[in-house]
Amino acid sequence: MPEQYDTTPACAERLDAEDPLAHMRDEFVMPVGPNGEAEVYLVGNSLGLQPRAVRTYIEAELDKWGRLGVKGHTEADREPTFPWESYEESLNHQMAAVVGAEPEEVVVMNGLTVNLHLLMTTFYRPTQERFKVLIEEHAFPSDHFAAASQVRHHGRSAEEALVTVSPRPGEDLLNAEDLMAAIAEQGDELALVLLPGVHYYTGQVLPLADLADAAHRVGAMVGFDLAHAVGNIPLGLHDSGADFAAWCTYKYLNSGPGATAGCFVNQRHLERTDLNRFEGWWGTDKATRFQMDTVFNPIPTVEAWQLSNPPVFSMAPIRASLEVFERAGGMGPLREKSEKQIAYLDHLLDEVLAGRVESITPRPLTERGCQFSLRVTADGYAGRGVFDALEATGVACDWRHPDVIRIAPVPLYNSFADIHRFVQVLDGILS
């Protein structure tokens, strides 16, 4: 039976009382708004909240550094520390569970755009005949810059090698059929498809498996930027058939500003000997790494793409965050709660703000995560001014040029009361 919603505060209170994950909110530090009370924090799509355990994990590594010095690389003398030389190994299994991959396909390293460049070095290998890269017209700027510079690195101009797909005139969303058609049309000239898992501006979820299949049918490689997807929606990354993917960990993975990123290489590529890589010390065989041999013997996992030893103080928050996901039961229960929150906010937008605010995020649940991209349509109100008013009242959201307010009820720490409060405040601003 479908959930019954109404617009009263009592409805939000009932939904929170029935929520089996409501206690997860206590695992996070809530920012304080301008009124001295906890913010209604709806901007986890940009920076997730701090798990309370982060401080313990970082302080444990600081303490270990002070007590052990260089011996900390090989010793884990007390919980919750881990030997620094293999610190990334403490993250791979839990991260793989979040993205739906095998542990050997996933590693935490570098930053998102660095990882995209490293992966494109391997999987974008243009020839005289096959050299084009397909992206979407309104790609996140960093992805566009990375793709364009990779093309130039191989001696071609972005004008001749970048193929872009846009929404249809008058529409905000990418059309999956148009993406498939563009892939088929480029055919033998297409070397790489690089697309987002969830679009940063609209919140649209793209059909990863269908896109990977379409790319492979014409002989192209395919990679995904999952910055807005990981920790937001369930991802069967291994089963999608993607050749590679990369993501940051500071949004829905709540690992802190600039935290170390993640990447994926499909299992079928891991032991290939014909792949080109930018190689570094940390990608060679662990058993012989410290013999200081100059013959590269790649680790038979995605760890072969590593360059340097792990930045422990940037990885410690990721351990704390991934353990929160594990305690929540993983992406299944989180998505179940998220779908209820999405439906609840849809209901409130329809009942309270119809004609004054529109959502450009797709309506079907299969095409969206927890992000709502909202456009103010009320006469006499500018979207930027409405955003500023929300912030001034203690509702944290974000603004994307030219006219979108993004909010994201995150199931790990946002309550149904947060959602009700947001709509109540927005209704007051527009009244």
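The values are calculated or read from the model by the stated rules, or taken from the named source; none is laboratory data. Fair warning: this is a prediction, and the values are worked out from it, not measured in the lab. Here Cβ is always computed from backbone atoms with ideal geometry, including for glycine, and neighbour counts include all displayed protein chains.
Wholly within the stretch 1-120, which helices (runs of 4 or more DSSP H) include no fewer than the required count, namely at least 1 residues that are surrounded by 15 or more Cβ atoms within 10 Å (Cβ to Cβ), of a type in the set (G, A, S) and at pLDDT below 95? Outline the logic, then answer.
Values: elements: 9-18, 53-68, 89-99.
Where helices (runs of 4 or more DSSP H) fall fully within the stretch 1-120 and carry at least 1 residues being surrounded by 15 or more Cβ atoms within 10 Å (Cβ to Cβ), of a type in the set (G, A, S) and at pLDDT below 95, they are 53-68, 89-99.
Among the residues of the stretch 373-385, at least one is surrounded by fewer than 17 Cβ atoms within 10 Å (Cβ to Cβ), hydroxyl-bearing (S, T, Y), in the same structural domain as L21 (by TED's automatic domain parsing) and not in a helix (DSSP H, G or I). Please go through the stretch 241-258 and pick out each residue that is surrounded by fewer than 24 Cβ atoms within 10 Å (Cβ to Cβ) and free of Cβ contacts under 8 Å to residues at least 60 places away in the same chain. The one that is surrounded by fewer than 24 Cβ atoms within 10 Å (Cβ to Cβ) and free of Cβ contacts under 8 Å to residues at least 60 places away in the same chain: G241.
Looking only at residues in the stretch 121-140 that are of a type in the set (D, E) and modelled with pLDDT of 95 or more, the one that is surrounded by the fewest Cβ atoms within 10 Å (Cβ to Cβ) is E129. Meeting the requirement of 3 or more residues that are farther than 30 Å from T260 by Cβ, the helices (runs of 4 or more DSSP H) wholly within the stretch 164-243 are 176-186, 208-217. Residues in the stretch 263-293 that are farther than 18 Å from F123 by Cβ and acidic (D, E) were compared, and the one that is farthest from the chain's Cα centre (by Cα) is D293. Considering only residues of the stretch 26-56 that are closer than 20 Å to C370 by Cα and among the β-branched types (V, I, T), which is nearest to the chain's Cα centre (by Cα)? The qualifying residue nearest to the chain's Cα centre (by Cα) is V43. Among the conditions (1) buried (at least 18 other Cβ atoms within 10 Å of the Cβ); (2) over 20 Å from A242 (Cβ atoms), the only one that G170 does not satisfy is (1).
Condition test on P300, is it in contact with an Asp or Glu (Cβ under 6 Å, 6 or more places away or on another chain) and under 27 Å from K64 (Cβ atoms)?
On the way: in contact with an Asp or Glu (Cβ under 6 Å, 6 or more places away or on another chain): yes; under 27 Å from K64 (Cβ atoms): no.
The answer is no for P300.
Look through the stretch 321-346, keep the residues that are more than 12 Å from V98 (Cβ to Cβ) and either within 17 Å of the chain's Cα centre (by Cα) or of a type in the set (S, T, Y) (or both), and return whichever of them is surrounded by the fewest Cβ atoms within 10 Å (Cβ to Cβ). Only one residue fits best here, namely Y344.
Quick check on H347: is it more than 24 Å from K251 (Cα to Cα) and in a helix (DSSP H, G or I)? Yes: the conditions hold for H347.
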